[in-house]
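Below is one structure, written out as structure tokens; the observations come after it.
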Amino acid sequence: MGIVHHSSYVVWMEMGRTEFMRAHGFTYRQLEEMGVLLPVLEINLRYRQSAYYDDELRITTWVEELTRTKIKLVYSITRTSDERLLTEAYSIHTYAGRDGRLLRITHYPEAWERLQRMLPDISTRANL
């Protein structure tokens, strides 16, 4: 059919999240090395248009909410050839230790500080 499967968008969100963190000088691996994991609590996608194989896409990611117990990231996926918005989405994550137990991110001051640096200046949103 030439249309990208709907499950691909979740993978692209993960790529957007990973590169967003990297663009802010903090990798997901570094967060894990501090003992903090980001399990997904919720994912929501609104499909507006289909992506087609070989489309070049831009994934824009930003932090909408950051608390001691969760982080909400928002994504827009746009086709670059016509600047058409294809998808609007968000993911909500909590914080957990390596043992899977939930934790408060404020108990990990370095991680908390780095995550706070990712909060938007409304004019700066990382594009991938």
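The values are calculated or read from the model by the stated rules, or taken from the named source; none is laboratory data. Keep in mind that this is a model prediction, so the values were computed, not measured. Glycine gets a Cβ as well: all are built from the backbone with ideal geometry, and neighbour counts include every protein chain shown. Note: areas computed on protein heavy atoms with side chains; ligands, DNA, RNA excluded. Shrake-Rupley method; radii C 1.70, N 1.55, O 1.52, S 1.80 Å.
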Original post:
Share of the chain's accessible area from carbon and sulfur, percent, 1.4 Å?
Top reply: 47 percent
Original post:
Per-residue accessible area for Val40 at 1.4 Å probe radius, Å² rounded to 10?
Top reply: 80 Å²
Original post:
Got a sec to turn the phi values of the stretch 83-94 into Karplus ³J(HN,Hα) couplings, 6.51 cos²θ - 1.76 cosθ + 1.60 with θ = phi - 60°, whole Hz, x for Gly and Pro?
Top reply: 6, 7, 6, 9, 8, 10, 7, 8, 9, 10, 10, 10
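For the stretch 47-128, give the magnitude of the charge dipole about the Cα centre (Cβ charges: +1 Lys/Arg, -1 Asp/Glu; no others), in debye to the nearest 20.
The dipole magnitude comes to about 440 debye.
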**OP:** Return one whole number: the accessible area per residue of the chain in Å², for a 1.4 Å probe.
**Re:** 59 Å²
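Between Gln30 and Tyr52, what FRET efficiency follows from the Cβ-Cβ distance if R0 is 35 Å, with the result rounded to 0.05?
Numbers: r = 36 Å, r/R0 = 1.01.
That gives a FRET efficiency of 0.50.
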**OP:** Compute the relative contact order of the stretch 15-128 as a whole-number percentage, counting only Cα pairs closer than 8 Å that sit 6 or more residues apart in sequence.
**Re:** 32 percent
Subject >> Loop GluC sites (Glu not before Pro), the stretch 33-88, which have at most 12 other Cβ atoms in a 10 Å radius of their Cβ (DSSP) >> reply: Glu56, Glu83
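Using only the Cα atoms of the stretch 1-61, construct the convex hull and provide its projected area averaged over every direction, in square nanometres to one decimal.
On the way: hull surface 20.7 nm².
Answer in nm², one decimal: 5.2.
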**OP:** Find how many whole Å separate the alpha carbon centroid of the stretch 26-84 from the alpha carbon centroid of the stretch 10-25.
**Re:** 6 Å
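Tell me, rounded to the nearest percent, the portion of alpha carbon pairs in the chain spaced more than 23 Å apart. Walk me through the intermediate numbers first.
Details: 2693 of 8128 pairs.
Percentage above 23 Å: 33.
On alpha-carbon atoms, Rg over Rh for the stretch 40-84 using Kirkwood Rh?
Details: Rg = 13.3 Å, Rh = 12.4 Å.
That ratio equals 1.07.
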Original post:
In the stretch 1-100, what trypsin sites (Lys or Arg not before Pro) fall in a loop by DSSP, with at most 16 other Cβ atoms inside 10 Å?
Top reply: Arg48, Arg68, Arg98
